[in-house]
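Colleague: Below is a structure I'd like to ask you about.
The values are calculated or read from the model by the stated rules, or taken from the named source; none is laboratory data. Note that the structure is predicted; figures quoted are calculated from it, not measured. All Cβ positions, glycine included, derive from the backbone under ideal geometry; neighbour counts span all protein chains shown. What goes into the accessible areas is simple: the full protein's heavy atoms, side chains included, and nothing from ligands, DNA or RNA. Shrake-Rupley method; radii C 1.70, N 1.55, O 1.52, S 1.80 Å.
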Amino acid sequence: MRYTITQDYIRTGNSRSGQQISNVRFIVSHDTGNPGSSAYANRNYFDRQQPSASAHTFIDDQYILEIIPLDEKAWHVQYNKPTDNRLFGADSNDAAIGVELCYGGRINFNEAYRRYVWYHAYLCDRFNLDPQRHIVAHSRLDPERRTDPQNALQPRGISWNGFIEDVQNVYNQDFNGNSGGSPNDEPAVRGISTRLPLREGDSGQFVREIQQELISAGFPLPRFGADGQFGSETDGAVMRFQKRYGLTVDGLVGTNTINKLREVNMQQHATTSVAFPLPEGIYRSGAEGEEVRMIQRALRHLNFDPTYIDGIYGNLTENAVRRFQSTFSALANDGVYGPNTRKYMQMELNDN
Ligand SMILES: [Zn+2]
């Protein structure tokens, strides 16, 4: 396979009912509408929040991630829309695979787009569909409410027809258009595949990407950097990361570690002031730990220096919090760090 397809299904709930699709008749192309959110970020959201919506597959520059089995229904187009019935004789949720393109933020568009195109061709092959007739944009089915995936494609100079043409070309090249659509057919392509977990001794582009993730999560690789070689320095950083986030400390980069890396980096990315993340919760005199350090760093950065970045919420830290609070009439001057103080610190950090 040219690309690895990762199956990491969400748990059963509102998003994944487990109802079977009897016959896949078409594909609905989407984008997430949420720039910068990665495939795994979406998966984790649907797994945890279980909204009454979903799609089968999320694609970014690293993953083709199936979060719902392709023989189960996903909830990606409203049932009351008539166009899918008119075009395909069925509601999308009952007869279509929903594919989401992740884009924006730090996602490499070209890499994500290549995977998105390839996966559409793969689905056409697997389910014996015609790229010209059996792929439809969500925006066509629900034009009043939706603009996807053109919303993501057009700003990059790709028209809907151009997209379909790309799918057709990949289908012709990689799948020969002749495999008959049996679910067991392996598409007629050869290429790289990444085997998880990664470990010391591995090398290549995927290792490099993990190294970049480690660095941006605050686990630097001072000697070798993101060199694509999984050596002892990377191994050490992986284990420190795993320890910090309560994962099994084995130096192996599997789904859990990759997941957590994405999550940590996404949170940092979502915060305007990446350098000074602020903990949730309430901290007061007597508290200790990394969260207190985070508060202390932010206070120092905002010129309310607690004197020490020692992770101990003592008098000096309490005073610094009080001084900060006293500059906002909306804040109680109590020296306790809680949601309101956090909110104002966040605002100040964003302004600085
Ligand atoms: Zn959509």
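Colleague: Tell me whether region 116-132 contains one or more residues that are more than 16 Å from the ligand (Cβ to nearest atom), out of contact with any His (no Cβ under 7 Å at 6 or more places or on another chain), touching a residue at least 24 places away in the same chain (Cβ under 8 Å) and under 13 Å from residue 30 (Cα atoms).
Modeller: Within region 116-132 (the criterion being more than 16 Å from the ligand (Cβ to nearest atom), out of contact with any His (no Cβ under 7 Å at 6 or more places or on another chain), touching a residue at least 24 places away in the same chain (Cβ under 8 Å) and under 13 Å from residue 30 (Cα atoms)), the answer is yes, since at least one residue qualifies.
Colleague: Got a number for residues in region 196-235 being assigned to a helix (DSSP H, G or I), out of contact with any helix residue (DSSP H, G or I) (no Cβ under 6 Å at 6 or more places or on another chain) and open to solvent by 20 Å² or more (accessible area, probe 1.4 Å)?
Modeller: 9
Colleague: Shifting gears a bit: Of the residues in region 337-352, how many are in contact with an Asp or Glu (Cβ under 8 Å, 6 or more places away or on another chain) and surrounded by 16 or more Cβ atoms within 10 Å (Cβ to Cβ)?
Modeller: The total comes to 1.
Colleague: What residue, among those in region 141-176 that are within 16 Å of the ligand (Cβ to nearest atom) and surrounded by fewer than 19 Cβ atoms within 10 Å (Cβ to Cβ), is farthest from residue 59 (Cα to Cα)?
Modeller: Only one residue fits best here, namely 144.
Colleague: Return a yes/no flag: does region 105-114 have any residue that is crowded, with 16+ Cβ neighbours inside 10 Å, assigned by TED's automatic domain parsing to the domain that holds residue 39 and within 13 Å of the ligand (Cβ to nearest atom).
Modeller: No: region 105-114 contains no residue that is crowded, with 16+ Cβ neighbours inside 10 Å, assigned by TED's automatic domain parsing to the domain that holds residue 39 and within 13 Å of the ligand (Cβ to nearest atom).
Colleague: Checking residue 3 against (1) among the aromatic types (Phe, Trp, Tyr); (2) out of contact with any Lys or Arg (no Cβ under 6 Å at 6 or more places or on another chain); (3) part of a loop (DSSP other than H, G, I, E, B), only one condition comes out false. Which one?
Modeller: Result: residue 3 fails condition (2) only.
Colleague: Tell me, please, whether a residue that is free of Cβ contacts under 8 Å to residues at least 40 places away in the same chain and outside the structural domain of residue 210 (by TED's automatic domain parsing) can be found in region 58-81.
Modeller: Taking every residue of region 58-81 in turn, at least one turns out to be free of Cβ contacts under 8 Å to residues at least 40 places away in the same chain and outside the structural domain of residue 210 (by TED's automatic domain parsing).
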